[in-house]
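Any read-out appearing in this document is the output of simple, stated calculations on the displayed coordinates, not a laboratory observation. Note that the structure is a prediction, hence the values are computed from the model and not measured. All Cβ positions, even for glycine, are placed from backbone atoms using ideal geometry, and neighbour counts span all protein chains on display.
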Amino acid sequence: MTQIAIIQRPPVLLDRGATLAKAVQWVAEAAAAGATLIVFPETFIAGYPSWIWRLAPGKDGAVMGQLHARLLASAVDIGGGDLAELCEAACAHEVTIVCGMNECDRSHGGGTLYNSVVVIGTDGQLQNRHRKLMPTNPERMVHGLGDASGLRVVDTPAGRVGSLICWENYMPLARYALYAQGVEIYIAPTYDSGDAWIGTMRHIALEGRCWVIGSGTALRASDIPEDFPGRAALFPDAEEWINDGDSVVVDPMGKIVAGPLRREAGVLYAEIDVARVAPARRTLDVTGHYARPDLFELQVRRVAATPVRYVDA
């Protein structure tokens, strides 16, 4: 059995250093509670650009420019060592960390942001970095397109871990790429929430016969910093829930075993047993006896846009 912890707490929006300090604190808290796999939501460092769903590109261009500049400044440059504190925390507590972030590469100019998720091993080394393949709707004004270099499943003490971000989980071929690599713990950091999203998590668990970890974002208007450009107009009601969270854990037969954690900032704990994955695939194995390789074939082009160091699985 493995205890996991999903951190459903807001970051310090647009402040990488303060958000990382919080993350390190919460890793220590979850590890003390017995968790060995700790998951943070989509773009946790240093916050999801929720304003893109409320601003108009032409009319609100000046405000969008200010916010984008701050988002870029707070982004993570992996090669520049911006994740050092989180990597040290993983090593110190001997835990695996999965964390979403706004990522840039300042050695290549740093002008493009990516919506990325990383897996950090118990030795503090980066095991994988995946960039969201297709930004969702207005996210395309913020994030660049990812590639398949990080579309990988990696071995961890908890099991074989793979991750897709938010609406990537609606891409059947991307899901299949993880299934084909024997994913046992399928992690979906997201900004989505609600019953339809929870239904998606259950469907993926049933389809892939794997554990599914939906890591949601809990955010209220009161979490928006005072110096946020256009704050009063964009988020006038301090009590508003901008995002409900809805972190959830689903077993390989589609049953919810923890959550959804709705409209609450906290930590969702659950025990999972990867030994349940193989028996669940006895009746349905979409990359095994249900695959029909005589009829179908998937080709994944793993061309990295930017080199990154990671530990091979």
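So, by mean Cβ neighbours within 10 angstrom, what's the order for 198-209, 168-179 with the highest one leading? Walk me through the numbers before you get to the answer.
Working: 198-209: 20.6, 168-179: 18.4.
The densest-packed peptide leads the list: 198-209, 168-179.
Using 0.36 nm per residue of separation minus the Cα-Cα distance, give me the extension gain between residue 125 and residue 108 in nm, one decimal.
On the way: separation 17, 0.36 × 17 = 6.12 nm, distance 2.24 nm.
Computed gain between residue 125 and residue 108 is 3.9 nm.
Please turn the phi angles of the range 10-23 into ³J(HN,Hα) values with the Karplus equation 6.51 cos²θ - 1.76 cosθ + 1.60 (θ = phi - 60°), one per residue in order, whole Hz, x for glycine and proline.
x, x, 8, 4, 6, 9, 4, x, 5, 5, 5, 4, 5, 4
If you stretched the chain out fully between residue 227 and residue 253, how much longer would it get, using 0.36 nm times the residue separation minus the C-alpha to C-alpha distance?
Values: separation 26, 0.36 × 26 = 9.36 nm, distance 4.63 nm.
This chain segment gains 4.7 nm when fully extended.
If you average the alpha carbon positions of the range 148-177 and of the range 17-31, how far apart do those two centres end up, in angstrom?
Their Cα centres are 24 Å away from one another.
For the chain, what does the helix formula give at 222 nm: sum of -39500 (n - 2.57) over DSSP H segments with n ≥ 4, over the residue count, nearest 500 deg cm²/dmol? List each step's numbers first, then the result.
Details: 7 runs with 70 residues, N = 313.
Computed mean residue ellipticity for the chain: -6500 deg cm²/dmol.
When DSSP assigns beta bridges and you keep just the ones with both residues in the chain, what percent turn out antiparallel, to the nearest 5? Don't skip to the end; give the middle numbers.
Details: 32 of 49 bridges.
Counting only bridges with both partners in the chain, antiparallel ones make up about 65 percent.
At 7 Å along the Cα-to-beta-carbon direction for both residue 92 and residue 296, put a label point, then send me their distance in nm to one decimal.
Result for the modelled spin labels: 4.6 nm.
Mind checking which lysines have their C-alpha under 25 Å from residue 22, skipping anything on the same chain fewer than 8 residues away?
Counting by Cα, and skipping residues close in sequence, residue 22 has these lysines nearby: 132.
Sorted by average packing, counted as other Cβ atoms within 10 angstrom per residue and highest first, what order do 252-258, 216-222, 288-294 take?
On the way: 252-258: 16.1, 216-222: 22.3, 288-294: 10.9.
In decreasing order of mean packing, 252-258, 216-222, 288-294 become 216-222, 252-258, 288-294.
Compute the relative contact order of the chain as a whole-number percentage, counting only Cα pairs closer than 8 Å that sit 6 or more residues apart in sequence.
20
With r defined as the distance between the Cβ atoms of residue 1 and residue 285 and R0 fixed at 35 Å, what FRET efficiency is calculated, to the nearest 0.05? Let's see the in-between values first.
Details: r = 23 Å, r/R0 = 0.67.
The pair residue 1/residue 285 has a calculated efficiency of 0.90.
Taking the Cβ of each residue in 235, 40 as the centre, tally the other Cβ atoms inside 10 Å and list the residues starting with the fewest.
On the way: 235 20, 40 28.
So the residues, fewest neighbours to most, are 235, 40.
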